[in-house]
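S.K.: Take a look at the following structure, please.
The values are calculated or read from the model by the stated rules, or taken from the named source; none is laboratory data. Given the structure is predicted, the values throughout are model-derived calculations rather than measurements. Note that we place each Cβ from the backbone using ideal geometry, even for glycine, and neighbour counts take in every protein chain shown.
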Amino acid sequence: MRRVVITGMGAVSPNGIGRHAFAEAILAGTSGVRRISHFDPSELPVQIAGEVRDFDELAWVEKRERKHVSRVLPLALAAASEALNHAGLDEASLPLEERRRFAVILGSGGGSQEFTEEQYRLFFHKDYRHMSLFCVPTGVMGTFSSDVSIRFGLRGPSQMVTTGCTSSTDAMGYSMRLIQSGRADTVLTGGADAPIALGIMKGFILMKILTDSWNAAPEKGSRPFSADRDGFVLAEGAWMFVLEEYEHARARGAAILAELAGYGSTCEAFHRVRLKECGEEPARAIGLAMQQAGIGAQDVDYVNLHGTSTELNDRIETQALKLALGERAPAVPMSALKSQIGHPQGACGAAGVAATIVAMQRAQIPPTINLETPDPACDLDYVPRAGRKASIEHAVCNCIAFGSKNSALVLRRIA
């Protein structure tokens, strides 16, 4: 089986634009959650989100084109461009045959959903002249990956994976399989989501899964595993990677950030939004990823958790890690990036991979902030409040999604 490595990374995050700013922010435990500025949230009981502030969309999309695309596209293009540059790839100079074996496999929970919401608003207000003539193709999920392929001239498979919160984890898993099977040598992959819009917010509020307790102190709103948590914080962002076949990367002298060594995915087939209390299927997804990577519980040095800050998810994810790692679970340091950035929906798995790469390279685990009084049912080592020095050879990145879906990746450090 061909080995798959990560050679480039890009990040556009609520707490830092660019991989360097992102790395410094997560290691320092800097929150990117603030009062919503995309629209006036005064009418809502939830007024905070993980927004990417000071991001210049027009640096990535021409002004005349901006009305025809979702915010998710410039976010993705910025992260993808950084990942390609970090990998030392000039896509414009690649021979045609290499571009034909260069795939784009992206994950997104909502894609252009906020764009479609705006088109409906214009339609129902009969403001037809301001509607986009591309309201249909832009609103179709598959066009998102096509726009990225077009921008960089990449002619391999261009596909979207949309499986809720596991979208970008699954996209990376499918990308790994594409390279392992020999159908591609290089893949631009990762996730992006931009769900901070009035209608989307109202939908989540109806479900009663967003926190409404921290409007006056937004940076404290995302509180995974804390006894006083009462819901997650919606967020946006993009985290992108270049994956390559190992020998392909070595032949061109690329610096390797990590090996993508294992992927596992399961479905509980239980409920549209709830999880089974037992945690068996999330644990099995982790076990499948570890099995493919050829490691056991004794080899896991760090777990990047899904950690949404909802009572059900945090408790059951804790149980799943106990099942997956057995008696070693209490000794393995784990942390929840969402405590710092909120929940960027289908992009969250890619965000967790980016955080794990930072942890591996810096030998420092980012903290789970806002964990002041742990829930007694959440009793593992979540690296609360401040980061911790640690050497990481193998790490698990875990994700859980609506629809009973569970996916996990294993990363291996290559010296």
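S.K.: Determine, yes or no, whether Q319 is closer than 23 Å to V4 by Cβ, of a type outside the set (A, V, I, L, M) and not in a loop (DSSP other than H, G, I, E, B).
M.R.: Criteria not met by Q319.
S.K.: Right, here's the next one. Which of the residues that make up region 32-56 are within 18 Å of E117 (Cβ to Cβ) and exposed (fewer than 12 other Cβ atoms within 10 Å of the Cβ)?
M.R.: S37, D40, E43
S.K.: Scan region 18-43 residue by residue and report those that are farther than 22 Å from A255 by Cβ and not small (G, A, S).
M.R.: Matches in region 18-43: T30, V33, R34, R35, I36, H38, F39, D40, P41, E43.
S.K.: Checking the structure you have, find out if any residue of region 93-105 is loosely packed, with under 14 Cβ neighbours inside 10 Å and either among the hydroxyl-bearing types (S, T, Y) or under 20 Å from the mean Cα position of the chain (by Cα) (or both).
M.R.: yes
S.K.: Among the residues of region 395-415 satisfying the criterion of being in contact with a Phe, Trp or Tyr (Cβ under 8 Å, 6 or more places away or on another chain) and part of a strand (DSSP E or B), which is nearest to I209 (Cα to Cα)?
M.R.: By that ranking, first place goes to S407.
S.K.: Something else about it: Quick check on region 334-353. Is at least one of its residues of a type in the set (S, T, N, Q), in contact with a helix residue (DSSP H, G or I) (Cβ under 7 Å, 6 or more places away or on another chain) and either surrounded by fewer than 24 Cβ atoms within 10 Å (Cβ to Cβ) or not in a helix (DSSP H, G or I) (or both)?
M.R.: There is no residue in region 334-353 that is of a type in the set (S, T, N, Q), in contact with a helix residue (DSSP H, G or I) (Cβ under 7 Å, 6 or more places away or on another chain) and either surrounded by fewer than 24 Cβ atoms within 10 Å (Cβ to Cβ) or not in a helix (DSSP H, G or I) (or both).
S.K.: Could you say whether any residue in region 48-71 is in contact with a helix residue (DSSP H, G or I) (Cβ under 6 Å, 6 or more places away or on another chain), closer than 15 Å to A194 by Cβ and in a helix (DSSP H, G or I)?
M.R.: Yes, region 48-71 contains a residue that is in contact with a helix residue (DSSP H, G or I) (Cβ under 6 Å, 6 or more places away or on another chain), closer than 15 Å to A194 by Cβ and in a helix (DSSP H, G or I).
S.K.: So which residues in region 357-391 are part of a strand (DSSP E or B) and of a type in the set (S, T, N, Q)?
M.R.: Those that are part of a strand (DSSP E or B) and of a type in the set (S, T, N, Q): Q364, T368.
S.K.: Does region 264-275 contain at least one residue that is modelled with pLDDT under 95 and at positive phi?
M.R.: Yes - at least one qualifying residue is present in region 264-275.
S.K.: I've got another one for you. Contact list please: Cβ distance under 7 Å, first residue in region 219-245 and assigned to a strand (DSSP E or B), second residue of a type in the set (F, W, Y), pairs at least six apart or on different chains.
M.R.: L234/F204
S.K.: Looking for something assigned to a loop (DSSP other than H, G, I, E, B), at pLDDT 95 or above and at negative phi - is there at least one such residue anywhere in region 81-89?
M.R.: yes
Per-residue answers, yes or no, for (1) part of a loop (DSSP other than H, G, I, E, B); (2) crowded, with 20+ Cβ neighbours inside 10 Å; (3) over 20 Å from the mean Cα position of the chain (by Cα):
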position: A255; (1), (2), (3): yes, no, yes
position: L260; (1), (2), (3): no, yes, no
position: Y263; (1), (2), (3): no, yes, no
position: F270; (1), (2), (3): yes, no, yes
position: V273; (1), (2), (3): yes, no, no
position: E277; (1), (2), (3): yes, no, yes
position: E281; (1), (2), (3): no, yes, yes
position: A285; (1), (2), (3): no, yes, no
position: I295; (1), (2), (3): yes, no, yes
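S.K.: Being surrounded by fewer than 20 Cβ atoms within 10 Å (Cβ to Cβ), modelled with pLDDT under 95 and not assigned by TED's automatic domain parsing to the domain that holds N370 is the requirement here; does A59 meet it?
M.R.: No: the conditions fail for A59.
S.K.: With respect to R412, determine if the residue is out of contact with any Lys or Arg (no Cβ under 8 Å at 6 or more places or on another chain) and surrounded by fewer than 19 Cβ atoms within 10 Å (Cβ to Cβ).
M.R.: no
S.K.: Tally the residues that are in contact with a Pro (Cβ under 6 Å, 6 or more places away or on another chain), among the hydrophobic types (A, V, I, L, M, F, W, C) and in a loop (DSSP other than H, G, I, E, B), restricting the search to region 1-45.
M.R.: Residues flagged as in contact with a Pro (Cβ under 6 Å, 6 or more places away or on another chain), among the hydrophobic types (A, V, I, L, M, F, W, C) and in a loop (DSSP other than H, G, I, E, B) within region 1-45 amount to 1.
S.K.: Same structure, new question: L243 fails exactly one of the following numbered conditions: (1) farther than 23 Å from P344 by Cα; (2) surrounded by 14 or more Cβ atoms within 10 Å (Cβ to Cβ); (3) not β-branched (V, I, T). What is the number of that condition?
M.R.: (1)
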